[in-house]
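To start, the structure under review is shown below, and the notes come after it.
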Amino acid sequence: MIGQILIHVLFGTAVGLTLTAFMSMRRNDQGIAVPRMLMLALTLGLLAAASLLVTLIIQHRFDYTYVWNYSSRELPLHLLIATFYSGQEGSFLLWTLFVAVFGTALMSYSRRHQYEAPTLFFFGLILTFLTLLLVAKNPFAYYYESFAASGITTADVPPNGKGLNPLLHNGWITIHPPILFTGFAAMSVSFVFAMAGLVKRDYHRWISIALPWTLLATAVLGFGIMLGGFWAYETLGWGGFWGWDPVENSSLIPWLVSVALVHTMMVQKRTHGLVKTNMVLAVAAFIMVLYSTFLTRSGILGDTSVHSFVDPGKFAFWILLLFMLTFAGIGAVMILKRRKDMNISRENFKPDSREFLLGIGAALIMASALMVTLGTSWPVLMELLKQPKIALATDFYNRLHIILVPAILVVNALSLTMQWRHTPRKLFVRRIVIAAAISIPLAALLMVLGNSTAWSVVLSAAALFSLVVNVMMGWTLVSRSASMAGAYISHTGIAVLMFGIIATANYAEQHHVVLTQGVPVSVDGSTLTYVGSEQVERHFADREKYKFHIKIERGGSTTTVSPVMYWSDYNQRQSPFMEPGIRWGLQNDLYVAPNSAGTEDVFHATTVQRSGTIQTPLDSNLRVTLVRFTMPMEEGPADDGRMRMGAILKTGDSSEFKIVTQITQSGANMSFDPIWDTIPGSTVGIGLSNIRRNNEDPTQSTGELVFRDVTKPMPVPREQITVDFGIKPWISLVWFGVITMVLGFVFSIVRHARLAKQQPALSDVQLAPSADVKIADGKLSDAHTKQS
Amino acid sequence: MLRTIVIVLIVILVPLGTYLAMQYGTPAELTFAEAVSKAMTTAEGDMAPKVVVVSTIQRVEPQRLVCIDKEQKEFQVEYTGPATDFPLEANKSVKFVGHVHAGSVAYFHATQAYNQ
């Protein structure tokens, strides 16, 4: 009950924070102490709610629906804690908490820059919607409340929870979602500062104030996205790290907008241009976080993604929609209201300036964001048009990005060879010639080495050009000041990432291999030997988990990888969960993804339908007809109590004969133990190894017959595993590229945080007066000059 | 000039993106036999692609619908999508979206249904 009351109190506090901050904003920060206190109280309250939920999970309080739905007694501590954000309710709580932490952490920062009241107001408004979502999707709802319609009462407490999806039983779940939610929460900061700038008519200073936070949000979200890719690569076994799935795209879209924003903010900082663009992008980045949340949480994309979606219910659906539309509306109204004021800084960039090319680069990145948004929203558009909806094939994204990514890389490189305002032609030509002289031969070399498809030639040439320019220009700057290196390090990381993508897309190989225990199989220069299986995690009764040890000999070295297959109660053991075995390497990864496991078919298992006739595998002249099945009551139980069934068979000219099988039932699974017999007049042994009964149409029932040569000893089947064996060349460049990119962001954050400290106080800045007043006074150009 | 480039970019990309989305985002309309054949050619481990089968419901049975497709071939449909705003009853023409579950008796697992 405390939890539910707490959530409602938090919503009330958020409303109070918004109202008092609004009043303080209208009265020039008078009474700011109240919203300041409410912000702090809200953060502490959210922290208490989060702690309470974690405690309930650890204490296995299955009388709470959320705890029952996502955790179980079998989970280790780190996964129990991760359960906190594994469901919609918990993840909303985590996101809300992080937004509140950012709001609180920024209080003194925004106070220093005289932005406190509007900052608190906009954070308050965001938190109002987030806490309202928590009211709708309350993580503290009781089990008996959720299932009251099914007659559940307070006395009915489940003994155990449903548990966490086995695919999430991984260390990455403790890192990836919190990082992603930190990125989502940080995305609100640039929006809040942009709105504060609009409120205060401070169209330039907000850039310097918000830039370190925008960089932080971009870095954290980018890192979180790539961690998700790494997790998928390491755990899911499909061999890739990016699948253009709606859930992946929903994080990528705000990240792309934020990357564009970072670049246009740099332009405004240096030139005072792109004022409105920055306002629009700051709003768009935040709206895209909300839109992505709406897409992935509203249930609207269900049935079009490999991720699972839970319908949050109508109330939460409308709150999510209202949340997004409210902030889109606020952003649009604020920008439109101030558009004339912001026009004063408008200027045309010269094509030979860095700002011009950065503008084009940002436009290209936004084009990418727009296309990914279009692709991700396609099922929604189709739903609105009452048309069949499916997720777009990955080719849609790949084809568009074959054009966009090289263009972005080239524009990035060209922009760095330019100077702000104007670039002397000779200087520009010299830089381009040097970069081209290095990158073109390297691209040609890659072509000789087999990089032959048109798209990969263009992409690798663009990535090489970008890499060379960034290293060249970065080196010159770093020798003067290391703090300036951030952008160059990040861009270098992106170029390296591109090489990883080119290498894996062009040269990765995959082979479908059936491995029999102890039998070496040569595949593409490697020799694979299935050594044997080992059951692990035996102490968990809810799963049956095996490691399959596979020895790989390649290029004189030997390594063993251990892909995993397991059956879990989570899906009633209907189908196995699988994890690949990977030999990590700098040059290549050896990737073994399991498909299925069993024993080799030494008994020539053959399926035959009732009344059907087959040739026996051991003697093609011998034909067997399955006349009918005999039922358990007809056969009676075996000596050990097992159920028995049989099949009446007939050979071409002989009379009928019967074979019997003994059945062991375990839950929904049945295992068959055939009693061997010999086909009359032959040396062919025969057994009944399975019966698939068709209750609706018994003539469609089938049996599985097994055969052996009775003159030879009984063969002993060996274990077999079917795997996809892949060689992933230079995939390490993908991870290395992302780490380098994030490292570059860290440099930039430190630099711009220092610069933000040097910002003059608001009172010392000539703010843009209303455009109407300026025009009336004829002071338009003066105001512009002073502000510049 | 920057503004002009941005406008040109939008003018080119939006129709191009929409065209490509229509190419890659419209499920193929097949007969049941064609859907089965498509499912058979899908790589092992991949889910059969989602397709549309225009069907006429012949009879409604518990757990399944018995339908005929454009070739008048009978097949079974298991519908697990949201409730439709039209009745799923005999003689009704419906556009089912889903994929084939191959096996000894293949059937069509539909997750969307549209009034034909």
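Summed over the residues of the range A:439-540 and divided among them, the accessible surface reaches 47 Å² per residue at a probe radius of 1.4 Å.
Going from the chain on its own to the full set of protein chains, the range A:385-422 has these residues losing 50 Å² or more of accessible surface (heavy atoms, 1.4 Å probe, no ligands, DNA or RNA): A:Pro388, A:Ile390, A:Phe396.
Charge tally for A:Pro729 (other residues, Cβ to Cβ under 15 Å; Lys, Arg +1; Asp, Glu -1): 0. Derived scalar couplings between HN and Hα for the range A:699-706 equal 5, 8, 5, 10, x, 10, 9, 10 Hz in order, rounded to whole Hz, by the Karplus curve 6.51 cos²θ - 1.76 cosθ + 1.60 (θ = phi - 60°), x for Gly and Pro. Under 1.5 on a/c is rounded, so check that first for the range A:90-191, then, if it is not, pick prolate when a/b is larger than b/c and oblate when it is not; a ≥ b ≥ c are the square roots of the alpha carbon gyration tensor eigenvalues. Here the range A:90-191 falls in the oblate category. Peptides A:533-544, A:7-18 ranked from most to least packed by the mean count of surrounding Cβ atoms within 10 Å: A:7-18, A:533-544. Judged by the mean number of other Cβ atoms found within 10 Å, the most tightly packed of the peptides A:519-527, A:622-630 leads the ranking A:622-630, A:519-527.
Which shape class, rounded, prolate or oblate, goes with the range A:231-331 when its Cα gyration tensor gives a ≥ b ≥ c as root eigenvalues, a/c under 1.5 marks rounded, and past that a/b bigger than b/c marks prolate? In terms of gyration-tensor shape, oblate.
I'd like the residues of the range B:67-116 whose 1.4 Å-probe accessible area shrinks by no less than 50 Å² going from the isolated chain to the full set of protein chains. For the range B:67-116, once contacts with the other chains are taken into account, B:Gln112, B:Tyr114 lose 50 Å² or more.
Measure nothing fancy, just the Cα-based angle from helix B:2-24's long axis to the longest principal axis of chain B, in degrees from 0 to 90, nearest 10. Between helix and principal axis, roughly 20 degrees.
Per residue, the solvent-accessible area of the range A:1-136 (1.4 Å probe, heavy atoms of protein chains only, all protein chains present) comes to 36 Å². For the range A:346-372, heavy-atom accessible area (probe 1.4 Å) falls by no less than 30 Å² from the chain alone to the full protein assembly at A:Arg346, A:Phe356, A:Ile360, A:Ala363, A:Met371. Among the protein heavy atoms of chain A, carbon and sulfur supply 60% of the accessible surface, probe 1.4 Å, non-protein parts ignored. For the chain pair A and B, buried accessible area totals roughly 2500 Å², probe 1.4 Å, rounded to the nearest 100.
Accessible surface for chain B, divided over its residues, is 56 Å² per residue with a 1.4 Å probe. Structure remark: mean-square fluctuation, Gaussian network model of chain B, C-alpha springs under 10 Å; the largest value among B:Ala35, B:Ala83, B:Ala106 belongs to B:Ala83. Working note: Karplus 6.51/-1.76/1.60 with θ = phi - 60° gives the range A:153-160 the couplings 10, 4, 6, 8, 10, x, x, 8 Hz, where Gly and Pro are set to x. Database remark: amide H of A:Phe349 closer than 5 angstrom to the amide H of B:Leu2 (H placed geometrically; neighbours at sequence offset of 5 or more, or on other chains; Pro and chain starts carry no H). Charged side chains reduced to their Cβ positions (Lys and Arg at +1, Asp and Glu at -1) give the protein assembly as shown a dipole of some 4600 debye around its Cα centre.
Per-residue mean of foreign Cβ neighbours for B:21-32 is 5 (Cβ atoms of other chains, 10 Å radius).
The values are calculated or read from the model by the stated rules, or taken from the named source; none is laboratory data. This one's a predicted model, so the numbers in the text were calculated from it and none came from an experiment. Cβ: placed from backbone, ideal geometry, glycine included. Neighbour counts: every protein chain shown. In case anyone asks, the SASA skips ligands and DNA or RNA and just uses the protein heavy atoms, side chains included. Shrake-Rupley method; radii C 1.70, N 1.55, O 1.52, S 1.80 Å.
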